[in-house]
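Accompanying notes for the structure given below.
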Amino acid sequence: MSVIDLTAENFDQTIAGGTVLVDFWAAWCGPCKMQSPVVDAFARDHADVTVCKVNVDEQPTLAARFGIMSIPTLMVFKDGQLHKKTVGLSGGDEIEEMCR
Amino acid sequence: MDGGNWDILILGAGPAGISAALTAHARGRRALVLSGDPMATPLAKAPAIHNYPGLPGMSGRELLSAMLAGLERQGVRRVTGRVTAVMPFDGSFMVSAEQDVFQAGSLILAAGAQQSLKPLPGEAEYLGRGVSYCATCDGMLYRGRTVAVLCLGAQAEEDADLLQSIGCSVLRFGRAQAKDAQIIGTDRVTGLVCGGQEHAVDGVFVLRDAVAADVLLPGLAMEGGHIAVDGDMGTSVPGVFAAGDCTGRPYQIARAVGQGNIAALAADRYLKEREK
């Protein structure tokens with residue numbers, strides 16, 4: 001499944017149902033560039049999870065709302081509720097574990 | 001990847017890293033050395049070295065310069081940068097340094113002894129909740145806020161300048177001040193206690209020359225503060241080798257050079273096995 005770019009406008013609607021993985025990132029962040037292909041690969045292999053990204057530079061209100069203090073940060077929402085959060089790089093297995 | 005794809009990526013440009021790079025190159029491997037400033041290392045401060053064969057009485061700086069010149073003469077590339085993260089992915093490794101990401105089939109860790117990497121009280125607890133190791137990565141998230149910068153590495157002042165330039169209010173603390181520093185907070189960092197005085201801050205940037213190896217690469221087995229290695233300089237992570245002072249005592253150039261050589265040969269064999 002393709003990865004959705006989230007904005008303040010479409011965020012709540014997108015995370016409202018099912019399992020949603022959100023990758024908070026920015027272009028200036030080296031580790032985020034490493035997280036990105038891992039998240040993309042996860043999206044390809046997991047059609048049951050909606051996979052999204054938030055560019056914290058372009059979406060400062062979302063970054064502030066979720067208290068993002070370090071990137072990459074990954075969050076998993078289940079039916080709109082925050083289920084898991086990790087700060088720093090996560091491998092594919094860890095993401096799978098987070099989505100359980 | 002913007003930092004390029006390599007066969008063997010060597011982290012560290014001391015005697016172990018340089019030796020590993022020369023051997024990897026001689027084996028026809030595309031090798032890249034990624035390191036901080038080699039002249040900011042303890043070896044560069046040694047006034048005279050008498051127990052390294054063939055080069056009696058050379059200073060550490062002279063010896064390092066000669067080794068680096070040899071590396072350059074062979075056409076092996078070296079890039080300056082502080083490594084902030086390492087991750088295995090898809091049968092290879094991704095390594096980020098500053099804003100670039102490098103990819104390699106095998107890694108050789110040769111970043112020197114890590115005795116100064118003891119974490120501060122509160123550091124691990126608040127990592128990602130106000131504690132950061134990477135000004136380039138997280139600086140923008142602290143724009144308009146007050147941050148403490150613990151300048152524990154050669155590049156730290158530069159990073160503190162960067163934080164200031166993007167609009168952070170920066171309180172700088174040197175090595176001596178940071179000795180008894182303690183990071184405090186609630187669910188996130190609220191302050192830094194230093195010299196008995198509490199400073200209210202939203203973030204603490206702990207900027208050392210290197211991130212501890214087992215933080216860099218979770219799951220890497222350590223032994224008494226050093227990276228655990230086998231006879232072929234292999235670590236607990238397949239494809240990752242280590243050489244030099246980071247693997248233990250004695251902290252000697254001769255040992256580092258030998259281990260660098262063994263590590264590069266082992267990395268070459270590892271890649272050959274995978275290429276089959």
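Here are the numbers for this structure:
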| quantity | calculated |
| --- | --- |
| Qualifying positions in the range B:101-111 - part of a strand (DSSP E or B) and more than 7 Å from every other protein chain (Cβ to nearest Cβ) | B:Phe102, B:Gln103, B:Ala104, B:Gly105, B:Ser106, B:Leu107, B:Ile108, B:Leu109 |
| Sole exception among (1) crowded, with 20+ Cβ neighbours inside 10 Å; (2) away from chain A (no Cβ under 14 Å) for B:Ala66, by number | (1) |
| Hits in the range A:76-100 - residues which are at pLDDT below 95, over 22 Å from B:Arg145 (Cβ atoms) and part of a loop (DSSP other than H, G, I, E, B) | A:Leu89, A:Ser90, A:Gly91, A:Arg100 |
| The range A:39-71: number of residues that are at pLDDT below 95, buried (at least 19 other Cβ atoms within 10 Å of the Cβ) and more than 12 Å from A:Leu6 (Cα to Cα) | 4 |
| Residue among B:Gly144, B:Gly130, B:Gly139 that is in contact (Cβ under 8 Å) with a residue 24 or more places away in the chain, exposed (fewer than 14 other Cβ atoms within 10 Å of the Cβ) and over 18 Å from the mean Cα position of the chain (by Cα) | B:Gly144 |
| Helices (runs of 4 or more DSSP H) contained entirely in the range B:112-215, each with at least 2 residues that are within 11 Å of chain A (Cβ to nearest Cβ), under 25 Å from A:Ala27 (Cα atoms) and of a type outside the set (A, V, I, L, M, F, W, C) | B:135-138 |
| Count - residues of the range A:1-32 that are within 14 Å of another protein chain (Cβ to nearest Cβ), over 18 Å from A:Glu94 (Cβ atoms) and part of a helix (DSSP H, G or I) | 1 |
| Complete set of residues in the range B:251-276 that are in contact (Cβ under 8 Å) with a residue 60 or more places away in the chain and aliphatic (A, V, I, L, M) | B:Ile253, B:Ala254, B:Ala256, B:Val257, B:Ala263, B:Ala264, B:Leu265, B:Ala267, B:Leu271 |
| Evaluation of B:Ala66 against (1) free of Cβ contacts under 8 Å to residues at least 24 places away in the same chain; (2) hydrophobic (A, V, I, L, M, F, W, C); (3) under 26 Å from A:Ala26 (Cβ atoms) (one fails), failing number | (3) |
| The range B:250-276, residues that are within 18 Å of the chain's Cα centre (by Cα) and not in a helix (DSSP H, G or I) | B:Tyr251 |
| Considering residues of the range A:38-75 that are assigned to a loop (DSSP other than H, G, I, E, B) and in contact with a Gly (Cβ under 8 Å, 6 or more places away or on another chain) only, the residue farthest from the other protein chains (Cβ to nearest Cβ) | A:Asp48 |
| Only listed residue being modelled with pLDDT of 90 or more, under 30 Å from B:Ala243 (Cα atoms) and crowded, with 19+ Cβ neighbours inside 10 Å, chosen from B:Leu163, B:Leu207 | B:Leu207 |
| Total residues in the range B:1-22, condition away from chain A (no Cβ under 14 Å) and farther than 14 Å from B:Ala110 by Cα | 2 |
| Some residue of the range B:85-100 being among the polar types (S, T, N, Q), at the interface with another protein chain (Cβ under 10 Å from one of its Cβ atoms) and closer than 21 Å to B:Ile8 by Cβ | yes |
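The values are calculated or read from the model by the stated rules, or taken from the named source; none is laboratory data. Predicted model, so just to flag it, every value in this text is computed and none were measured. Reconstructed Cβ throughout: ideal geometry from the backbone, glycine too, with neighbour counts over all protein chains shown.
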